[in-house]
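Heads up: the structure comes next, in structure tokens.
The values are calculated or read from the model by the stated rules, or taken from the named source; none is laboratory data. Every value quoted in this text rests on a predicted model; they were computed, and no experiment measured them. Note that each Cβ is placed from the backbone with ideal geometry, even for glycine, and that neighbours are counted across all protein chains shown. Each accessible area value is taken on the protein alone, full model and side chains, heavy atoms only, with ligands, DNA and RNA left out. Shrake-Rupley method; radii C 1.70, N 1.55, O 1.52, S 1.80 Å.
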Amino acid sequence: MGAFQTRMAMAWQRVDDPDAVKPWFLRGAPGFELVPKLTPGNDEFVFDKLAMSAFEGTPLQFALRDRGITSLRSAASL
């Protein structure tokens, strides 16, 4: 988590110490698991959501950038 995300998490969780911030999305927690129909295939990547943004400052942002992907559009716009 970056500094901004840590401060935001501290505010949302009402804690004064960055070390007291608890992760939101723990692997194995009830709200984390996918329904069986959405289980990723062996050839698909899985990125854990570590921050509030789905992209900014996440491993997904770096993976997309490294592949030269600079923008995304929704299926609704196709």
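What percentage of the solvent-accessible surface of the chain, computed with a 1.4 Å probe over protein heavy atoms, is contributed by carbon and sulfur atoms?
Of the solvent-accessible surface of the chain, carbon and sulfur hold 59 percent.
For the chain, set up a GNM with springs between Cα atoms under 10 Å and report which of VAL15, VAL46, VAL35 has the largest fluctuation.
VAL35
Over the chain, what per residue volume does the convex hull of the Cα atoms give, in whole Å³? Numbers along the way, then the final one.
Numbers: hull volume 12.4 nm³, N = 78.
Hull volume over Cα atoms, normalised by residue count, gives 159 Å³.
Can you tally the net charge around ASP16? Count Lys and Arg as +1, Asp and Glu as -1, for every other residue whose Cβ sits under 15 Å from the Cβ of ASP16.
Around ASP16, the surrounding residues sum to +1.
On the full set of protein chains, 1.4 Å probe, figure out the accessible area of GLU56 and give it in Å² to the nearest 10.
120 Å²
Could you rank THR58, THR70, THR6 by how accessible they are, 1.4 Å probe, largest area first?
Reading off the accessible areas and sorting them downward yields THR70, THR6, THR58.
Hey, can you find the accessible area per residue of the chain for me, probe 1.4 Å, expressed in square angstrom?
88 Å²
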